[in-house]
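Beneath this line is the structure, given in structure tokens, with notes to follow.
FYI, it's all coordinate maths here, none of it is from the lab. Everything quoted here is computed from the prediction, not taken from an experiment. Glycine gets a Cβ as well: all are built from the backbone with ideal geometry, and neighbour counts include every protein chain shown.
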């Protein structure tokens with residue numbers, strides 16, 4: 001068996017892994033490259049394989065860095081099944097359509113500088129190849145047998161267990177942790193002769209969940225007490241729902257629910273509205289504590305129209321505003337930043353990673369002014385980052401997941417991490433009897449089956 005790492009190799013984006021055996025050629029994920037200008041340019045390079053020759057694709061979860069180039073496969077002749085869990089089937093539809101819409105909007109703003117990867121029509125052509133696969137359901141394709149198991153990272157996320165010639169290969173996908181507020185813990189790892197393991201936080205430890213929730217709530221309440229506005233940039237799928245659930249349930253547990261319910265909380269993201277409906281439709285995939293009331297509570301206001309969104313810029317009442325995108329590079333949050341960044345009563349509360357060249361990173365680093373479109377905006381807001389709100393497990397979570405095996409895999413291949421994280425995690429695993437390889441981008445590795 002050969003694996004070629006066509007993305008997420010010494011980087012945290014563009015997941016795309018080609019598996020080849022005597023009878024099968026398939027992909028695990030086909031994600032968009034996000035982040036720096038150099039990384040984004042990789043989206044426009046040709047695939048290093050012929051999509052028309054693929055037998056099938058397995059999608060671990062819906063995040064765009066794992067799903068965002070699926071329409072390109074269809075454009076270039078792929079006609080096979082794209083296996084994914086039922087929640088992922090619904091989420092990938094809204095995310096890919098949103099991706100196509102953003103590309104079109106960017107092109108309309110500057111057609112000389114922006115290229116479009118695919119259109120909404122391409123997305124609809126892609127959706128017909130979705131094929132549902134429940135957790136634990138085995139499928140045979142050629143000389144491979146595989147199943148999906150809950151990865152605990154996002155609604156419907158999965159890791160992939162592949163059997164071939166009496167040995168097992170496991171792709172972790174993006175792996176969650178046991179302290180997730182919405183997701184159940186990752187299913188135990190029962191077998192793995194070879195393990196392809198994500199390493200996003202391979203050199204970090206997350207803050208304890210109780211401290212994380214207390215920090216979030218206290219930061220919010222301090223600003224509201226000063227008659228200010230808290231703006232939380234959040235990804236529409238997963239992070240927005242988690243933040244809403246965190247605020248409500250923490251207030252409830254601390255006996256402060258009446259205090260919290262006096263504060264208007266605005267969700268301003270059409271994509272987040274759709275994603276929340278999908279989350280509530282698939283509650284059985286989530287923790288028992290997740291209910292409609294814990295996400296769509298009575299003081300939540302939904303800005304459904306652009307008119308309602310713009311009106312928030314003239315609303316100076318103390319409030320919480322949760323809006324996308326999570327890195328402030330797109331979405332309705334761009335409507336609000338010019339109005340709120342110049343105000344000293346504003347608090348920008350970051351709860352997720354901000355890539356190096358993103359607008360979010362510039363705001364987080366307190367740069368002033370910042371450029372939003374063609375506008376130069378003074379940044380006088382208070383800047384706070386609350387660590388730990390990540391769907392990715394930390395070093396200990398990743399290692400403990402591998403510990404359910406009777407013995408370490410014959411070989412562990414580390415992907416989906418920056419260089420320092422990969423190297424530190426490699427050293428840690430080698431001290432614990434793992435044989436570790438860090439693949440290069442476009443490297444092909446042969447596994448002994």
Q) Over all distinct alpha-carbon pairs, what is the Kirkwood Rh of segment 67-114 in angstrom? A) 12.3 Å
Q: Please arrange 109, 40, 382 by counting, for each residue, the other beta carbons lying within 10 Å of its beta carbon, fewest first.
A: 109, 40, 382
Q.
Using only the Cα atoms of segment 323-448, what semi-axes does the equivalent ellipsoid have when each is the square root of 5 times a gyration tensor eigenvalue? Give whole Å, largest first.
A. 41, 16, 11
**Q.** Approximate spin-label separation residue 190-residue 298, in nm, with each point projected 7 Å along Cα-to-Cβ
**A.** 4.6 nm
(Q) To make sure I understand, if each residue's beta carbon is the centre and we count other beta carbons within 10 Å, what order do 289, 284, 368 fall in, fewest to most? (A) 284, 289, 368
Q: Please report the relative contact order for segment 209-385, taking Cα pairs under 8 Å with a sequence separation of at least 6, and give it as a percent rounded to a whole number.
A: 29 percent
Q) Roughly what angle does helix 419-430 make with the longest principal axis of the chain, taking Cα atoms, 0 to 90 degrees, to the nearest 10? A) 50 degrees
Q: Calculate the translational D of segment 225-272 in whole µm² s⁻¹ from Stokes-Einstein, where the hydrodynamic radius comes from the Kirkwood formula applied to all Cα pairs, the temperature is 25 °C and the viscosity 0.890 mPa s.
A: 206 µm²/s
Q | Spatial extent of segment 322-392: Rg and Dmax, with the Cα atoms as the point set, Å | A | 11.4, 35
Q: Please arrange 72, 422, 148 by counting, for each residue, the other beta carbons lying within 10 Å of its beta carbon, fewest first.
A: 72, 422, 148
Q. Tell me, what is the Rg over Rh of segment 65-192, with Rh the Kirkwood radius over Cα pairs?
A. 1.04
Q.
Taking the Cα of residue 165, stepping 7 Å toward and past its beta carbon, and measuring to each backbone N in segment 1-30: which are under 20 Å?
A. 1-5, 18-28
**Q.** Average projected area [Cα convex hull, segment 21-96], square nanometres
**A.** 5.4 nm²
Q | Size descriptor, Kirkwood hydrodynamic radius, that averages inverse alpha-carbon separations across segment 209-385, Å | A | 16.3 Å
Q | Tilt relative to the chain, helix 86-109 - C-alpha long axis, 0 to 90 degrees, to 10 | A | 60 degrees
(Q) How much of the pair distance distribution for the chain lies past 28 Å, counting alpha-carbon pairs only, in percent? (A) 49 percent
Q: Counting only C-alpha contacts under 8 Å and six or more residues apart, can you give the relative contact order of the chain as a whole percent?
A: 20 percent
(Q) How much length would be gained if the chain were fully extended between residue 315 and residue 284, taking 0.36 nm per residue of separation minus their Cα-Cα distance, in nm to one decimal? (A) 7.4 nm
Q) To the nearest 0.05, how large is the calculated FRET efficiency for residue 205 and residue 442 if R₀ is 45 Å and r is the Cβ-Cβ distance? A) 0.90
Q | Rounded to 10°, Cα long-axis angle of helix 209-225 versus longest principal axis of the chain | A | 30 degrees
Q: Work out, step by step, the length gained on full extension between residue 110 and residue 225: first 0.36 nm times the residue separation, then minus their alpha carbon distance; give nm to one decimal.
A: 37.2 nm
Q | Gained length - residue 406 relative to residue 306, 0.36 nm times residue gap less alpha-carbon distance | A | 30.5 nm
